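Read through the structure below, which is laid out as structure tokens, and then see the notes.
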Amino acid sequence: MSWRHNAGSDISTVPNVGVPPTPPGGPETPTPSSRRHVVVGLIMALMAVGLAAVLIQRANTDEGAATLPTAASPTSVTAPPADQPPALINTGEDWDAIVRSMVAYSDWLYLHPKPELLDTYSLPSNPSYADTRLALTNLATKGWRYDPPRVAARVEIVRLNSRINPTAAAVFVRFGPAPQYRVVDQSGAEVANKPATAVGNSVIWTLAQKNGRWYLADVDAL
């Protein structure tokens, strides 16, 4: 099986109210009839004051009820989108962008193994296709995992080596030193181990165009 890369108050005052002068001869003694009128007037005044207070309280209550905030409707929480692969650049002739996007896609796919997505960037005729698909299938179905966690491949140089024909190109790719790629099964037993390298490696990628898009057709070591 191949495992190559492959967050204060204001106070208001009321003006004084004038006091009427005392009549000559001293204050006038009110008659019984006058006292009754005074009492009746006082009662009427108190009733008026009480009624006014009730009306004011009711108005305030009605106003408060009218202005009570309505219950906010529940806010729908949008679930974060599922992990998505990086965008593939597989048209045009920006070889650097094309190669780097394919490498990033491949690295993502090893961390989110979905064998059916291999065809997104690699042709089935690619000699390493079968081994890569088997590795992705084992990671997806057998509980295999990278230990230590897989580190993305680092691309240092990309340049066109030769244009084979209008629908094929040979591209030189220089990778930096590779980390260790070690895979274990569910029990922790080692099933694959590719040691780290102190230096990088160079390869020739053959890209083939199909339906206007570029795919990886082969990888040759130099």
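Applying 1/(1 + (r/R0)^6) with R0 = 25 Å to the Cβ-Cβ distance of Arg145 and Val199 gives a FRET efficiency near 0.35.
Summing charges over neighbours of Thr167, with a neighbour being any other residue whose Cβ is under 15 Å away from its Cβ, gives +1 when K and R count +1 and D and E count -1.
For the pair Val191 and Asp96, the difference between a 0.36 nm per residue extended length and the Cα-Cα distance amounts to 30.8 nm.
How large is the accessible surface per residue of the range 89-170, computed with a 1.4 Å probe and reported in Å² as a whole number?
Ligands and nucleic acids excluded, the figure is 49 Å² per residue.
In order along the range 198-210, the Karplus-derived 3J(HN,Hα) couplings, from 6.51 cos²θ - 1.76 cosθ + 1.60 at θ = phi - 60°, round to 7, 10, x, 9, 10, 9, 10, 8, 9, 9, 10, 9, 9 Hz, and Gly and Pro are given as x.
Net length available on complete extension from Thr137 to Leu160 is 5.0 nm, with 0.36 nm assigned per residue and the Cα-Cα distance removed. In this structure Arg213 has an accessible area near 110 Å², from a 1.4 Å probe over the protein heavy atoms. Summarising the amide proton neighbourhood of Arg154: residues at separation of 5 or more, or on other chains, whose placed amide H is nearer than 5 Å comprise Gly176.
Surface composition of the range 151-193: carbon and sulfur atoms hold 48% of the protein heavy-atom accessible area at a 1.4 Å probe.
The values are calculated or read from the model by the stated rules, or taken from the named source; none is laboratory data. Here the structure is a predicted model, which is why all the values come from computation and not from measurement. Every residue, glycine as well, gets a Cβ built from its backbone with ideal geometry; the counts of neighbours run over all protein chains shown. Quick note on the areas: whole protein, heavy atoms, side chains included, nothing else; ligands and nucleic acids left out. Shrake-Rupley method; radii C 1.70, N 1.55, O 1.52, S 1.80 Å.
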